[in-house]
Amino acid sequence: MRVVVGISGGIAAYKAALAIRELVLAGHDVHVVPTASALRFIGRPTLEALSRNPVTDEVFDDVASVRHVALGQRADLIVVLPATANTIAKLAHGLADDLLGTTILASRAPLVLAPAMHTEMWEQAAVQANVRLLAERGATIVGPVAGQLTGADSGLGRMAEPADVVAAALALVADPAAPGAAGTDALAGRSVVISAGGTREPIDPVRFLGNRSSGAMGVALAEAARDAGAAVTLVGANLHVPAPDGVALVEVETTAQLAEAMEAHAPADVLVMAAAVADYRVDGVSDGKRSKEEWGEAPTLTLTQNPDILAGLAQRARQNLVVGFAAETEADDTALIHRGRAKLARKGADLLVVNRVGHDEGFGSVATRVSVLDASGVIAEAHGAKASVAREIIEVIATRIARDQRTGEGEA
Ligand SMILES: Cc1cc2nc3c(=O)[nH]c(=O)nc-3n(C[C@H](O)[C@H](O)[C@H](O)COP(=O)(O)O)c2cc1C
């Protein structure tokens, strides 16, 4: 496959070398298109040696071969890593003042962007709007993730690991006819964003209000979706279990951070809200650790309701399949389903996975029993280890997407 690797001018440009190497070793024909700024971070000889192809950022080099459009026209896949705020803005507005811009405009290949920048830049409304515009037009956004940034600071904005970007990009163009190494190809070429784990709402720097979710179900879903060929982003809130290889992990702590990460990665073909999010956050989070002297004998915490993430996603992103989870303590099966149907209607999601939880039921890596509901009622049931239940849920999702595609539903 012919892959164009675009590199823009951020510190993470050196990590593009790892992605190029991985793609070349996997047998792909890699053509690197750096921006002028990228070449101030990583040298052309490195890029030429690793890609085994000539590298230029010049629109006016090799004019006889019409390079400014030829690279894009012949590409099967374009991956830009890192994608700077500047390059994202230019792509969102169709600018073509360098070779990367002309190459992307001249191409019909799937476009994958791996943004990298400081948290303040990433959170700017302008950057978020540009990312959303590109995603709505079909680009796949992988990351960014939370972690160490260029300086001593850390936060959301670090580029997803190069291997995860490559895995997500290759999953997008996976040949549905190729024998899948693992699992089926039911979601080949699809982007899936899954939230997992349990959010924490800080009280002070050392205490929080949390829940018992381990993230095992969401992680199992991410693994099953990856095995079904999807490009998977996992938004993990305080996971107790390791994230699977080959998915882009975005780590968050609070409900507000989780909401922001889900919004940033929507729209995708499938959004799954499997995380247990706090319905309330604490008012007036203290900067210092609260002492007993300060709190007294019977302290009171004032809580404020958090926005409903699932309902928000379902409302704003009609082109996605939106799947919610409901963990209920209702002992009676009929009452459980009744509550689930009411919740599905209230939230406006396409599917709701209902499971029973209790002091000894539902959390951690134990077996689980779920019912999958749509507006017509229960459409599937699964019982067993979370990995096998996750595979069944992903099958239901893949079937639903295939059906919607056939009927044209969900293409609004
Ligand atoms: C040391 C250094 C690190 C930078 N890192 C980033 C970065 O991680 N993300 C980003 O969006 N811009 C970063 N910039 C700013 C970009 O280099 C600048 O916006 C440039 O115009 C990007 O051009 P390009 O998008 O054409 O590559 C950095 C600049 C410097 C000097």
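Quick rundown of the values:
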quantity	calculated
Matching residues, region 112-149, being among the small types (Gly, Ala, Ser) and in a strand (DSSP E or B)	Ala114, Ala146, Gly147
Where a residue in region 112-128 is within 24 Å of Leu172 (Cα to Cα) and of a type in the set (D, E, K, R) and its partner, wherever it lies, is buried (at least 22 other Cβ atoms within 10 Å of the Cβ) and at pLDDT 90 or above, with Cβ under 7 Å and at least six apart	none
Identity of the residue in region 32-73, more than 16 Å from the ligand (Cβ to nearest atom) and of a type in the set (Lys, Arg), that ends up surrounded by the most Cβ atoms within 10 Å (Cβ to Cβ)	Arg67
Strands (runs of 3 or more DSSP E) wholly inside region 272-345 containing at least 3 residues that are surrounded by 18 or more Cβ atoms within 10 Å (Cβ to Cβ) and of a type outside the set (Asp, Glu)	321-328
Pair list, Cβ under 8 Å, 6 or more apart: region 21-43 residue under 18 Å from Ile104 (Cβ atoms), other residue away from the ligand (no atom under 16 Å from the Cβ) and among the hydroxyl-bearing types (Ser, Thr, Tyr)	Val30/Ser51; His31/Ser51; Val32/Ser51
Residue that is nearest to Thr103 (Cα to Cα), among those in region 1-18 that are surrounded by 24 or more Cβ atoms within 10 Å (Cβ to Cβ) and either away from the ligand (no atom under 16 Å from the Cβ) or not hydrophobic (A, V, I, L, M, F, W, C) (or both)	Gly6
Residue ID - nearest to the ligand (Cβ to nearest atom), chosen from residues in region 82-111 that are free of Cβ contacts under 8 Å to residues at least 24 places away in the same chain and outside any loop (DSSP other than H, G, I, E, B)	Lys90
Inter-residue pairs, beta-carbon under 9 Å, first at pLDDT 90 or above and in region 157-169, second within 16 Å of the ligand (Cβ to nearest atom) and among the hydroxyl-bearing types (Ser, Thr, Tyr), 6+ apart	none
Matching residues, region 346-357, being of a type in the set (A, V, I, L, M) and either part of a loop (DSSP other than H, G, I, E, B) or free of Cβ contacts under 8 Å to residues at least 12 places away in the same chain (or both)	Ala349, Val357
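The values are calculated or read from the model by the stated rules, or taken from the named source; none is laboratory data. Since this is a predicted model, take the numbers as computed values, not measurements. Positions of Cβ are generated from backbone atoms using ideal geometry, with glycine treated the same way; all protein chains shown enter the neighbour counts.
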